[in-house]
Amino acid sequence: MSVGIPSDEVAEDYKNSLEDLTANSRYEISNLTVIARENTEHAMAISRVLENHIKSVPPDRKLPALYVLDSVVKNVGTPYTLFLGRNLFNTFMGAYLLVNQQTRRKLDEMLKTWKEPVPGSQETRPVFPHDTTRQIETALLKARTSALQQQQQYQFKAQQEMTARGRPMPTPNTQWRNTPTPPHANGAYYPPPPQGYPQRSVPNGNFQSPSPYPPHSQYAPPHHPPQPFHQQPYQQPHPQPPGYPQHSLPPQNLDSLKRDIADLIGKTKAEFASSPYDDTLRIRLQALLDLQNILNTRQLPPHEIQAIRDQVAQLSGNSYPPSVPPTYVPPPPVPQQQPPPRQSPAQGPTPQPGDLQALLSSRNLADIIAKAQRSTSTPPATQASYLQPQQVPTSYPPVSSGPGTDLMAMLRAQGLLRPNANTATNGPLGYVPPPSATNTPPVLPASLARPALINDVELTPASLKLPRPHLISTLYEARSNQCSTCGRRFFAIEEGREKKARHLDWHFRTNQRLADSAKRGQSRSWYVDELEWIKSRDNPEDAPLTDASSAAAKAALAASLAAADPKKKHIPAPADPTLANQPCPICQEKFATVWNDEEQEFVWMDAIKLGNRVYHASCHAEIKKDGGSTPLRTSTPDSVLGKRKSPSTGVSLGRQTHRGRSSIFILRASRAKHFLETCKCPSSAAAYGSYEELVKDKNVDIIYVTTPHSHHYQNTMLCLLNGKHVLCEKAFTVNAAQAKKLVETAKEKKLFLMEAVWTRFFLLSIQIRKMIEDGELGAVHRVIPDLSFGEDVENTWGANGAKHRMVNMDLAGGALLDLGIYPLTWCFQTLYHTVPASSRKPPSIIASVEQYTTGADEKTSMLLTFPSAPGGKHAAHGIALTNFRVATDPDGHYTSGPTIRIQGTKGEIQVSGPTFRPTHYRFIPAEEDVDPQRVRQGRILRLRRDGRVESEIMGWEESIVIMETMDHVRKQGGVKYSEKIETLDYPVSI
Amino acid sequence: MSLPGLELSAPVETTVEPTVQELKEGSEWRFEVAFGTQVEVRLLSGNAELFGTELVQKQPYTFTGTKAAIYTWHGCQLEVHGECQSEYIAEETPMISYANLHFALEKLREEASTIGSDGPRVLVVGPENAGKTSLVKLLTAYATRSGRQPIAINLDTKEGMLSIPGTLSAAALSSIIDVEEGWGSSPTNGPSPVPVKLPLVYYMGLANPEDKALVYKPIITRLALSALNRLQDDGESRGTGCIIDTPGVISQGKGSYEIIQHIVSEFSVSVVVVLGSERLYSDMLRRFNGQRTRAGETIAVIKLDKSGGCVDRDEAYLQQIRQAQIREYFFGDAKSTLSPHTQQIDFSTTSIYKLADSSTDLTSLLPGDAVEESMAPSIFDKVEPSPQMQNAIIAIVHADPSDPQETIRDASVTGFIYIAEVDEKRKKLKILAPLSGRLPNKAMIWGSWPEGITDIVG
């Protein structure tokens, strides 16, 4: 919709919206999806923004952002799948490696759904091509495998470590931050993260920013045996120049150790300050503080201190020469090193503060996976070899799972820390493939679901004669879930229940439609041809609705049912005869007395009693809204809307500017709010971020659709399906078929629907119609209305490829639909509406149409012949004129004469002023003795608020006839709009 | 499973107290309802089915112009309002073997599904009034109830399936079959309380297919082609296969079962079910037993007993059935009333082909014994509308008016119109079309069957 908006503006807008997204808010996500849908022409820009956003947000916001991506690709599809698919690997993996376990589980689920078609859609292709998803899966699998390998290399590494210890530490952070690719990346499939990205995710604890790239040294033990150890994540917060010398010798006393710890704490604090949302950082900090506390309060044996010192040194990114006395290392009991892997998937996502185990155990994906696999997949033999290092006094304790673990283990072994009973339930430790919530329960094929009854029937006379009650039961008892309407049986298992639910929905829908079809007339369809039959699928009534809007439609259906029987205000019908005969003081109409079953008495619906007077509840509400000024407002369209519950329930969809409509339709909630503030709207007014949001609001009763014609059908349908009454701008739709469909839907749902043709509701129009009906013009033979704008079309709206809505085919532009509707309205309200409904006949049409370069019509002159005109049994001509090149009113002062002439045998009415909002008329009688200035007190018809859904002044049938007329005119003029705006399909994203 | 003859006497309006029928397990209640009277049946307790389709407890089912039987496997109680022309409870039925046939077919279907081949193509043959259609309906209903989607095929031109008589049709059935109205309804532009079935229809225009094998056989070939294509194309149907109903006349042994042979070969039939005729069974055994289908399956020929409920239906009843079917095509049934559309069309807009009379074989008019290759017997004569056409049913087919006659013959039907009036002076036809709007500009076939009906537009 956003015509002519540059992509970057949209992108910027979208970016801002994304930044507001901090949690998994369904509302925001669907809002962002709608914006994406409405701006598919900017899909590339939006996709880029979304990708960057996912990359740049802190881990705890990645999931919502990915949900937006997920929602967009599933609900909008192409071109987003294309644009987002390109970088999906990076986007997904980048996020995956940084988020916590719970989120990973969510991501796994999401990935799984991408491999399948969107549920409920007819599309059979998966959300993303298999190539794309497979790449991600392969990478995840590789990561897991290499973790396993890493673990198998365990002992080897432990030994290698000794030799590696003396070397100056490479500083992985600086290394890979300054080079485009991680130097050790052995898989070319991990491009570097964008600049600035690492600092967001603090590399402590579980969320390691440098480690998202598994092939980076830690994943390549065979090639770089020593490397993994030097790139322990705990070193990363302290990027140091290579060969950083200070700490190459271990400090000799406790104080230096304490100082180191204090340093470490300081650094961690600083990091924590910059990334307050990083849970693991907080936990780590807590752990260090605990450690500090222990050191300060207890006397520790020297070897323990040395052990701590070693660990701390590792943590702070330093290594010590292997000068440690071999005897001091108390090999930690293996079982204690192993607890993390045995995790239940239900464990909490974030470790408890102060839980050192959590801090120290999980470092990155591969480690996590390694641990999980160690516990589950390591055969006893490996276990044995794994124990070996402990028997070698000179070897270092096995530390592949991180120095922290060993620290922990050692501390615990030394009795420094109480054994942590919770170890086994720590969150982020073990990688457990998440149980997918979207996993469908194993679907039993019908053949399997049948009980294992032996079907031994052979096609032989003897075999066919044997009674087999057990087989008969497959037709009855085995399918115990029976539909009470038609007798169809379903299995009692989940699949059967789902089928039955859909089956019952089908009955429900059919009954709904049946109730209505009696009036409409139904006829047999033509049979299909061979090819169509072969390709057709018997769509069983219990199949899932293929329509993507099914859920919405169902909800809407339910809503409309509720709306069809609203809890109206009512009072017992007064027994007092005078009161009983008094009309509503506001609309002067009498009250309808109906029997109320619940109350078991006669009641007046829609009535309230105030003092001694009884009012229509809705009249009263409306009066109150107007501040009690004029009970009867005259000629504005909204005075006929009726059916209001509260003042703030009328909502306009789209925005109307002075002439034409605003072309920016990104309706962000924030903008809408801003708009409300600017207009100083009452606080009861609500702002919505999307149409979907609006139609879901239960407080909204009626919606005024003022979007471009092209969108009327889709927008109005959306409102109707959601149980909202609708006032829709003219031109009602793009074609008559759409109009019929809308009317059908409104009828079905018992909702008010009207084409908003304000011209018909002016007192002037009402009086003119009355004069015609009263025969004051005699037989009306001709009506000549004109509405033309003398525009410099090329310069005002653009020449070739112009996008201005007046000439934009995609917005159903053109003189006919935009301006021609007014002259047509005049023809119809004078020559058609004034005839009794039973004798109204649609006109025959001759039209001459000139097209503009865009294909929209720029000059359209229509000659309508109404077979039975008012005031006699004769045909009358309506000459409806519209033109972009010349003006009805060239000087802007309406000096050019009447804009509408209504000519009858007894006189002529000349209407002046704009055709759409005429200012005055005069009656020129054929005989001089008729007083031309007779003023009639026109009675403004008001729609009763008793549930009437159709206006008398602008009836459905007439809206449809006018649309049919326009269809004919366009056909004669060869003006055809694109299928997507002429379609009856819903929903269609335009 | 149809039923004793009927008296066409006007129904006597009597208020009959509802009667309750107690059915023991394995018995059936056979009943006949005359045209013009209505009988309402309710299942009070137990399970019951009508030609394989289960009845729901407490739900009223209304029958008119019906001869049918309600069977119960487990015993049931039926409440009957209204007067049946004849009714009785029968305890001896061939239902066990019928059901076993279904389970035998299920076994074949399961095998077919596992190896991914086509399910069994079942042909039901037998003399007139042996209960072929009822058996086909039963097998179809059971297959549907077993979660399958069989393709039911009707080759009997005397009775229509989801269409009017004189047609051959096929439909995939995955939803419940209408209990009250034959097979159900073909699609309309409105809702239907019982899911509609989408048929593929061909028009034969003759009561006895053997009269004009020149037309019948090619249509069967064509229908078989479509049906087998659908089987290949539609995963749901493929493993289920199809069930073929035939006219009794082809089982009479004339022409040495030429047409049965044709059907078996065209549909690649794998199971031949012979209903109620020992002689036919032995003929079929001799002909097909042990033969192989194109796909290499062995053709099985089995024999089933005719149900004691089957009674000859007299011509008057059959005619009423036909008329009811035609009326239903245009006007719908009790459940959903349809509004056909009357309109006038110019002679010039029609292109009507009349099935050529066999006697006007052009070759016989050639001098001497000369037979020219090009003078193959014509299928149709193109005719101008004439007063004889009044009250006739004309089929509009999916073929261009200018197409060759073979194409027109083989084309499937778009729909039917009824000629209400022929105005030769003004060269106009008053017709009844199922729906409003211009008639499709297609070829039209005027057959001699079903016979016209006079009181359709009233």
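What to note about this one:
- Taking Lys and Arg as +1 and Asp and Glu as -1, the other residues whose beta-carbon sits under 14 Å from that of A:Gly798 total -3.
- Size descriptor for region B:67-161, Kirkwood hydrodynamic radius: 15.7 Å (Cα pairs only, one decimal).
- Divided by 2.2 N^0.38 Å, where N counts the residues, the Cα radius of gyration of chain B comes to 1.00.
- Each DSSP beta bridge with both residues in chain B is either parallel or antiparallel, and the antiparallel ones are about 75%.
- Over 31 Å (Cα to Cα) - which of A:Lys535/B:Lys335; A:Lys55/A:Lys803; A:Lys980/B:Lys427 fall in this group: A:Lys55/A:Lys803; A:Lys980/B:Lys427
- Across the cross-link table entries B:Lys217/B:Lys354; A:Lys499/A:Lys741; A:Lys859/A:Lys971; A:Lys106/A:Lys269; B:Lys212/B:Lys354; A:Lys698/A:Lys749, which are compared at the Cα atoms, the separations over 21 Å belong to A:Lys499/A:Lys741; A:Lys106/A:Lys269.
- Residues of type lysines that A:Lys680 reaches as a straight line, Cα spacing below 23 Å, ignoring anything fewer than 8 places off in the same chain: A:Lys624, A:Lys625, A:Lys645
- Straight-distance candidates among the lysines for linking to B:Lys24, with alpha-carbon spacing under 22 Å and chain neighbours fewer than 8 residues away dropped: A:Lys465, B:Lys58, B:Lys67, B:Lys306.
- Förster radius 60 Å - calculated FRET efficiency between B:Glu25 and A:Ala837 (Cβ-Cβ, nearest 0.05): 0.45
- Alpha-carbon Rg/Rh ratio, for region B:19-90, with Rh computed the Kirkwood way: 0.92
- Directionally averaged shadow of region A:699-828, computed from the convex hull of its alpha-carbon atoms, nm²: 10.4 nm²
- Gyration tensor over the Cα atoms of region B:95-304: the corresponding equivalent ellipsoid has semi-axes (square roots of 5 times the eigenvalues, largest first) of 23, 21, 16 Å.
- Within the shell of other residues whose beta carbon sits under 12 angstrom from the beta carbon of A:Leu531, the net charge comes to -2, with Lys and Arg scored +1 and Asp and Glu -1.
Bear in mind that the values in this text are calculations on the coordinates, not laboratory data. Quick caveat, the model's predicted, so the values are computed rather than measured. Quick reminder, even Gly has a Cβ in these numbers, built from the backbone with ideal geometry, and neighbours come from all protein chains shown.
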